[in-house]
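The values are calculated or read from the model by the stated rules, or taken from the named source; none is laboratory data. Quantities reported herein were computed from a predicted structural model and do not represent experimental measurements. Reconstructed Cβ throughout: ideal geometry from the backbone, glycine too, with neighbour counts over all protein chains shown. Just the protein is used for accessible areas: all its heavy atoms, side chains included, with ligands, DNA and RNA removed. Shrake-Rupley method; radii C 1.70, N 1.55, O 1.52, S 1.80 Å.
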Amino acid sequence: MKTTYIKSLFFASLFICACKKDNNTNTDTTTNQITNITYYAKAVNSGALITGSNNLKTQATGSVAWLTGTIYAEELSFEGTGSTVVSTKIPIQKNINILSGDGLAGNVSLTAGQYTNTKVALHLKKSAKSDLAFNLTATYTDFKGNKVPMVIANSDEFEIKLAVSNFTTTSTGATKITISYDLSKILNNILAPELENAYRTPDGTLLISSSVNVDLYNKVKANWQILATASVQ
């Protein structure tokens, strides 16, 4: 009887150890699960007011209604701290319509978990096929009510790192990062008289680019640095 009792204790101990080993194995496998974070780009505020100067006072003397808008994203980037520090860039090479709702940009695959100190960006530049970094068309209505076609086109490179709040990802949940471009800020610090006196193409279009109406373009280029924000869902 004594021998049988000792054998029972021995096999019970082996069973308990095996169970513990199995539990530890299951826990370890969950730490390396992969999740996809999807980037989107969109425009917000589809209009802008243009002010004029009159005896040191300003007043709205014109308006802009955006009609089309695209950006060409060469790549997306992600920086953040999870179980390790992550810094990665993913080529996407995509022309995105930012006025058609949320335009899909691309995905980055990360280990599931909590991320802090996170910064994201879309790297905009002119493509090999001549897609512009950003290309916007609009109707400008001047102080007399005349409607003037407007084009703002840029082939320079832009990569503005945008901070997002801390977030947690899982292997089964969807994480969405949206980069929003506030079009009401593109013409900040540009006054109505500047637009009235700007060069227009033979067909009457008010074109602002790196080679036409350069003074206005430099203001637009500076504004582009402050009009983007990012959020996570």
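Considering every residue within region 193-205, establish whether at least one is over 21 Å from S46 (Cβ atoms), in contact with a Lys or Arg (Cβ under 8 Å, 6 or more places away or on another chain) and surrounded by fewer than 16 Cβ atoms within 10 Å (Cβ to Cβ). Looking for residues that are over 21 Å from S46 (Cβ atoms), in contact with a Lys or Arg (Cβ under 8 Å, 6 or more places away or on another chain) and surrounded by fewer than 16 Cβ atoms within 10 Å (Cβ to Cβ), one finds none in region 193-205, hence no. Of all residues in region 149-175, those satisfying the criterion of being open to solvent by 10 Å² or more (accessible area, probe 1.4 Å), in contact with a Leu (Cβ under 8 Å, 6 or more places away or on another chain) and modelled with pLDDT of 95 or more are P149, V151. Tell me yes or no: at least one residue of region 176-192 is modelled with pLDDT under 95, in contact with a helix residue (DSSP H, G or I) (Cβ under 6 Å, 6 or more places away or on another chain) and open to solvent by 60 Å² or more (accessible area, probe 1.4 Å). Looking for residues that are modelled with pLDDT under 95, in contact with a helix residue (DSSP H, G or I) (Cβ under 6 Å, 6 or more places away or on another chain) and open to solvent by 60 Å² or more (accessible area, probe 1.4 Å), one finds at least one in region 176-192, hence yes. In region 211-233, of all residues being outside any helix (DSSP H, G or I) and open to solvent by 60 Å² or more (accessible area, probe 1.4 Å), the one that is farthest from V164 (Cα to Cα) corresponds to S211.
Counting residues in region 122-140 that are open to solvent by 70 Å² or more (accessible area, probe 1.4 Å), within 21 Å of T88 (Cα to Cα), at pLDDT below 95 and of a type in the set (A, V, I, L, M) gives zero.
Here is a yes/no grid of residues against (1) of a type in the set (V, I, T); (2) over 17 Å from the mean Cα position of the chain (by Cα); (3) closer than 17 Å to A121 by Cβ:
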position	(1), (2), (3)
V148	yes, yes, no
K161	no, no, yes
S171	no, yes, no
L183	no, no, no
L191	no, yes, no
E196	no, yes, no
D203	no, yes, no
S211	no, yes, no
L227	no, no, yes
